[in-house]
Amino acid sequence: MSAHYLCLTLLSILFIVPFSSSLCPIDFTYVQIIPWDTTSCNRQNAAAAPCCQTLLSLFGIGLAQHLKDTSLFHLPNSNSSFSCLTSFQSKLSSLSLPPSLIPNCFQNPSQFAANSSNCAGILSTHDWVAKVGSTTPVDTACGGDLTGLTHCGTCVDAGMKLTSRLMGLDPNGTKCFYFTVLYAAGIANEFGPKDTRVASCIMGLPLKPSKMNRASLLSRNALMAVGFGFTFLIVIAVLVLRSKKKWFKEQEQEQKLRHFGAKWFSITELEKATHGFSQRNLIGQGADGFVYKGKISDGSSVAVKQIIDLDSERDEDFTNEVEIISKIKHRNLLSLRGCCIENDSKFKSQKRKFLVYDFMPNGNLSDHLFTKSNKNPLTWPQRKAIILDIARGLNYLHYGTKPAIYHRDIKPTNILLDSEWRARLADFGLAKQSKEGQSHLTTRVAGTRGYLAPEYGLYGQLTEKSDVYSFGIVILEMMSGRKVLESWDLITDWAWKLVGNVEAIFEESIRGEGAKGVMERFVHVGLLCAHVNVAFRPTIDEALKMLEGDIEIPQLPNRPLPLSHHSMVSLRFAPSSSSSSSHHFIV
């Protein structure tokens, strides 16, 4: 088998098989039409730096056209990026170019996927205008016919100035230069990126010499070499500095994690434990990762959570979870077995991150609470025990640790059930340690829609009673079998309407299973905990004592202002980042 055939086969496995070309929104037919110079990409020079730069410019034409058509600077996701590179390769192959070009020149196949960390958070032309204004030097300098040496030089100069301005807005941005190029070709110039004058000047694409006067070509190439070469050096310098900074940050993170005393698993151990992360071992999936069941070398069952972290944006949450769980031990909190951080074998710039927990054979609370087809719904004794377990776990976080820990994401999917149906709080990625004697004000509100305390969601005021509110919502869900938001009716508003007939709140399957007075007490505690007014909410310690019957429940206050009231609409319909059952939203 020839080397070229083998390379093509590997390329097919990497790009073509998993992703349909229909995922790519770019039509690469122009690759066969534009008279670009393929000399640097012949078989002798394949994948050399000049060839890779040419291919980047050629691919950039498609991205610039995509920007022109959709107002988006990048492709929707990694799958689209993979698919487009596959389609791009097929067009290059039709020109008899080596099949090794794509894997050699584009070593990160997801590099063209949307990523808000690339340049000042810009994803669309709307973001662009918000950052640099509706009119920039590029808009005025890069329009019209760019054939003339002076006109092209003016455009290049304007692009360099604008790139410098963007990098001032985002010193860590590595792709601001490319954003400028795409905008200039796709938006600023009315002829569009596929026009040879635009492709040659703005995209820096080398054209076949026969298409223009040689002297003019040489002088223009000299100008382009100086202009784009200078900018390219700047970009490379930034990339090197950022790479070093990232390396030091990763080393610091690893040392910090080891300091916490967490057990380190190798990727080989985890692959063996989960049968290569097979589909049959997959037991859960959320917005932030996948969970697999596994069996480690000592014979015990574990849950292995793989963090979805293409852009390392969740480093802080990952470290935070390891730090918090490593130093807290309580029977109602999920125990961390260890963690793993490995370089991705495919994409060296990315990390694979895993958290290893004790396996909870009965899944999460949501699995048993909201499944209508469940033939064995939770009994009242089970619900009562689970509610008390949650309260005890929260009580430990608030009062058993110094400083106190606020979970910030109490909800049924984060409450796991062991073999004896005892509850354990899980997912401490959003947990936050308090400052002694102070409430916490933050502009980064994190949590899940419906379970978020009003004062926290609206004003960023985080206290121990923020968790109490979420706990109150969970109590009401467990007592009624209703979700927090059902038929556009919030569970708190619905429950307050039935305060005079509390028994109507009980889920039908548990009515008559327990003493009515005890069950009413749990509903009343849920209503107090989930009260809109912080002053009426008990602490978790007080709530636990009320549930256990150690102290009396105060008289219920008057019905609060419903969250469906117009003044609360912004909280009720706060945007969510995912449709997943375990989504979070950030304001």
| Radius 13 Å from Cβ of residue 177, net charge of other residues (Lys, Arg +1; Asp, Glu -1) | +2
| Using the count of nearby Cβ atoms within 10 Å as a rough guide to exposure, how do 407, 330, 398 rank from fewest to most? | 330, 398, 407
| field | Ordering of 537-547, 448-458 by burial proxy (mean other Cβ atoms within 10 Å per residue, highest first) | value | 448-458, 537-547
| request: Could you sort 265-271, 496-502 so that the peptide with the highest average Cβ count within 10 Å comes first and the rest follow in order? | output: 265-271, 496-502
| request: Arrange 88, 536 by Cβ neighbour counts within 10 Å, fewest through most, would you? | output: 536, 88
| request: Please label the shape of segment 77-212 as rounded, prolate or oblate, based on the square roots a ≥ b ≥ c of the eigenvalues of the alpha-carbon gyration tensor (a/c under 1.5 means rounded; beyond that, a/b larger than b/c means prolate, else oblate). | output: oblate
| query | So what J values fall out for segment 507-520 if you push phi through Karplus, 6.51 cos²θ - 1.76 cosθ + 1.60 with θ = phi - 60°, rounded to Hz, Gly and Pro as x? | reply | 4, 4, 5, 10, 5, x, 7, x, 5, 4, x, 5, 5, 5
| note | From fewest to most C-beta neighbours within 10 Å, the residues 196, 136 line up as 196, 136
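Values quoted throughout were computed directly from the atomic coordinates according to the rules given, and no laboratory measurement underlies them. Everything numeric here is computed off the predicted structure, so don't read it as measured data. Cβ: placed from backbone, ideal geometry, glycine included. Neighbour counts: every protein chain shown.
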